[in-house]
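Asker: Here it is: the structure, laid out below.
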Amino acid sequence: MKLPKRIQKGDKVCAISLSSGLAEKFPQRYQIGKQQIQEVFDIEIVESKHALKSSEWLANNPQARADDLMEACCNSQIKAIFSIIGGNDSIKIVPFLDKNIIRNNPKIFVGNSDSTVTHFLFNSLGVQSYYATSIMTGFAENGGMFEYTKKSIEDVLFVRENCKTQIVKSSGFFVDQFLDWGVACNQCIRREVYQSNWNVLQGSGIVDGELFGGCVEVVDELKYTELMPKLDFWSGKLLFLEISETMPPVEWFKTFVRYLGNSGILQRIKAILFGRPHSQTYDYDSAMLDVINNEFGLRELSIMSKMDFGHTQPSFVLPYGAVAKLDFDNRLLHIDLD
C-alpha cells in the first residue's frame, strides 16, 4: 500500500464533512475540536469549501462533498484530511469521485463510523488510511483530549523519531455519558469515568496479520458494493469491528456476523478485534460467540473485545493494511508503522 507522508508541526490539515453537517448545527462543539487539535498538535486546521454546510444541504449535494475530497487531495499545502463527524450517507459520494486523484495523491485520511466508506475506497486504491476519532468527538472531548488518544495520534500520524511501532494496551477506562452539545457549559464538564479492560473472548498467544475493518453498520451497507474486498483479500487479516452509537439490536448484529460466516470471511481471517460499544445496553460479545461457535464451529478463531477504538473514548488509531500482532496473553497490540 502507498503510505501517506506523516504530519509535521505547522502543517495544514483539512477538516471535511463527507456525511452529516453537525458542525453547522453545533458550531461551538466543532470550534472546540478545531481549537484543541491546533493547540495540542501545533497544526493549522482549514475547512474544505462545504465543510460547514447543514446536514440537509450536504445530503442533497453529494457532488460537492466529493469535490471537497478531491480538492483536498490535490492541494499540495494540505498534508492530511480529518473527518469532522460521521453520518449515514457518504456512500452517495462514491460515484462522483475521481479515483486516480486519490491514488496519485496519497494523503492521510482520518475518521471513523460512516468514514468506513472512504476507508474502503482508499483501500481499494492501495492507499493507507486511518480509523480514528473525528474532530467533533474525541478531538473535542469535554475538558480536553484524553492523553491516551493524543499519544496514539502522535505515534501514528505525526513525524516522530524512532517510532516504528505503536504498542497499545487498554486505557483501563471509558466515558459514554451524554452531555448535550447544544448546551455550551457542558463542554467544560468532564464526563463520568467507568472502568474497563480488554476482554479475551477466545484465543491465546500471539496472532499476527494485516488490519482491516470498520463500523459494523457501514460494512453491512457495503457488502454488496464494488468497495467490498473479494474473498481472497480476507485471508490472514485481523478484522476490527465496532458498533455505532445507534446500538442496533442483538438479533440484527447476529445476522451480520452470520453474513461474515456465510460469505467465507470468518473462515479466512485470523482474529477479530471488537471495539467497546458506546453503551453497555446489549451483550454483543455473547451474540458474536453464539454465531461463531455454535453456528460455524469456529472455536479456534481468536477474539478480543471491549477494545479502545470506534465510538468510544478514549481511543487509539488503527492504520488500514498495517501488520499487527495481537498478544492475547498480555492483552497488547503491536502495530507496525513502516
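The values are calculated or read from the model by the stated rules, or taken from the named source; none is laboratory data. These figures come from a predicted structure and were not determined experimentally. FYI the Cβ positions are ideal-geometry reconstructions off the backbone, even for glycines, and counts take in every protein chain you see. Just the protein is used for accessible areas: all its heavy atoms, side chains included, with ligands, DNA and RNA removed. Shrake-Rupley method; radii C 1.70, N 1.55, O 1.52, S 1.80 Å.
Asker: Give the residue that is farthest from residue 237 (Cα to Cα), with candidates limited to residues of the stretch 264-305 that are open to solvent by 40 Å² or more (accessible area, probe 1.4 Å) and polar (S, T, N, Q).
Answerer: Here the answer is 281.
Asker: Here is a follow-up. What's the number of the only condition in (1) surrounded by fewer than 20 Cβ atoms within 10 Å (Cβ to Cβ); (2) outside any helix (DSSP H, G or I); (3) in contact with a helix residue (DSSP H, G or I) (Cβ under 6 Å, 6 or more places away or on another chain) that residue 63 fails to meet?
Answerer: (2)
Asker: Return the only residue of 261, 236 being among the small types (Gly, Ala, Ser) and either open to solvent by less than 20 Å² (accessible area, probe 1.4 Å) or over 16 Å from residue 300 (Cα atoms) (or both).
Answerer: From the options 261, 236, the qualifying one is 261.
Asker: Of these, 40, 46, which one is open to solvent by less than 60 Å² (accessible area, probe 1.4 Å), within 27 Å of residue 183 (Cα to Cα) and without any contact (Cβ under 8 Å) to a residue 60 or more places away in the chain?
Answerer: 46
Asker: Can you report the number of residues in the stretch 226-285 which are farther than 25 Å from residue 195 by Cβ and in contact with a strand residue (DSSP E or B) (Cβ under 7 Å, 6 or more places away or on another chain)?
Answerer: Number of matching residues: 6.
Asker: So residue 287 clears everything in (1) aliphatic (A, V, I, L, M); (2) farther than 30 Å from residue 4 by Cα; (3) in a loop (DSSP other than H, G, I, E, B) except one condition, right? Which one?
Answerer: The failed condition is (3).
Asker: Looking for whichever is modelled with pLDDT of 95 or more and more than 19 Å from residue 316 (Cα to Cα) here; the options are 153, 93, 108, 135. Which one fits?
Answerer: Being modelled with pLDDT of 95 or more and more than 19 Å from residue 316 (Cα to Cα) holds for just one of 153, 93, 108, 135, which is 93.
Asker: Please find, within the stretch 1-23, the residue that is farthest from residue 68 (Cα to Cα) out of those that are assigned to a loop (DSSP other than H, G, I, E, B) and of a type in the set (Gly, Ala, Ser).
Answerer: Looking at the filtered set, the residue picked out is 10.
Asker: Next up: Pairs, please: C-beta under 9 Å, at least 6 apart or cross-chain, first residue closer than 15 Å to residue 332 by Cα and in the stretch 206-221, second among the acidic types (Asp, Glu)?
Answerer: So the pair list comes out as 206/327; 206/329; 207/327.
Asker: Given the residues 229, 248, 314, which is the only one that is under 30 Å from residue 140 (Cβ atoms) and either touching a residue at least 60 places away in the same chain (Cβ under 8 Å) or open to solvent by less than 10 Å² (accessible area, probe 1.4 Å) (or both)?
Answerer: Every option except 314 fails the conditions.
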